[in-house]
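A.B. asks: Below are the structure tokens for one structure; questions will follow.
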Amino acid sequence: MEAASDCGDVTRGDNVTRARLCLRITSVPARNRAALVALISCCAIGLTACSDGGTGDNAKSSATPTAANSSDSPSPSPSSSEAAEKAAALDAYSRMWDEQVKAYAQTDIKGTELKTYATKDALARAMGDLLVMKRAGTATKGAPTHDAKVTSLSLGVKIPMATISDCLDISKWPTVKKKTGAVQPFPTNQATRYVTTVNAEKWGNRWMITKLTPDGARTC
């Protein structure tokens, strides 16, 4: 019974390791009891310290999040952005001509999407041509061909702008009389293949053709 007081009562909440190490030492000779009790206490304290320290470190380690590697996709290079904008401007120019050819064939803008791609001077020029043709009772037949390329591009401005140079060939786009279908000859001093300078602006997400300047003196 004396040993129980040396070891201490094991009660609910005591460290389990210490409880297991708490041995009955009644049979141990008196001269060795003090050493044995000291050894048990030392082991219990050591194990508790190791257990507490390990748990704290592990908790701290596990509670610290690991930074994930950044996987942001690279930004497009300026050259690729410029190429995309040039292609978009040329596409708008090509579509404008598709709609203009439809309008000139029927001498009317109705039923076309010319206003979707042409504006300002370019649209006004087309509307003026249609008015003249309507009064003359003429229309166009066929379609012109193009060899267009972007010669300048300004993207770092409030309204992005592009300049297009087109070698326009109207030899297969004659004017005809609407009633008879008779082809009207080109004026003798008019070139049928010449350079046209085109101005375009980007409005929101769409390129618009704002001006066409044909130069009949510059053949191509």
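A.B. asks: Ordered by residue, what ³J(HN,Hα) values in Hz, to whole numbers, does the stretch 171-177 give under the Karplus form 6.51 cos²θ - 1.76 cosθ + 1.60, where θ = phi - 60° and Gly and Pro are x?
C.D. replies: Residue by residue, the stretch 171-177 yields 4, 10, 9, x, 8, 10, 6 Hz.
A.B. asks: Per residue of the stretch 191-199, in order, report the coupling 6.51 cos²θ - 1.76 cosθ + 1.60 (Karplus, θ = phi - 60°) as ³J(HN,Hα) in whole Hz, putting x for Gly and Pro.
C.D. replies: Once rounded to whole Hz, the list reads 6, 9, 9, 8, 7, 10, 9, 10, 10.
A.B. asks: Shifting gears a bit: Kirkwood Rh over alpha-carbon pairs of the stretch 95-220, then Stokes-Einstein at 20 °C and 1.002 mPa s: what D in µm² s⁻¹, rounded to an integer? Don't jump to the answer; show the numbers that get you there.
C.D. replies: Values: Rh = 15.4 Å.
In µm²/s, the coefficient rounds to 139.
No value in this document is a laboratory result; all are computed from the given coordinates. Worth saying up front: this structure is predicted, and the values here are computed from it rather than measured.
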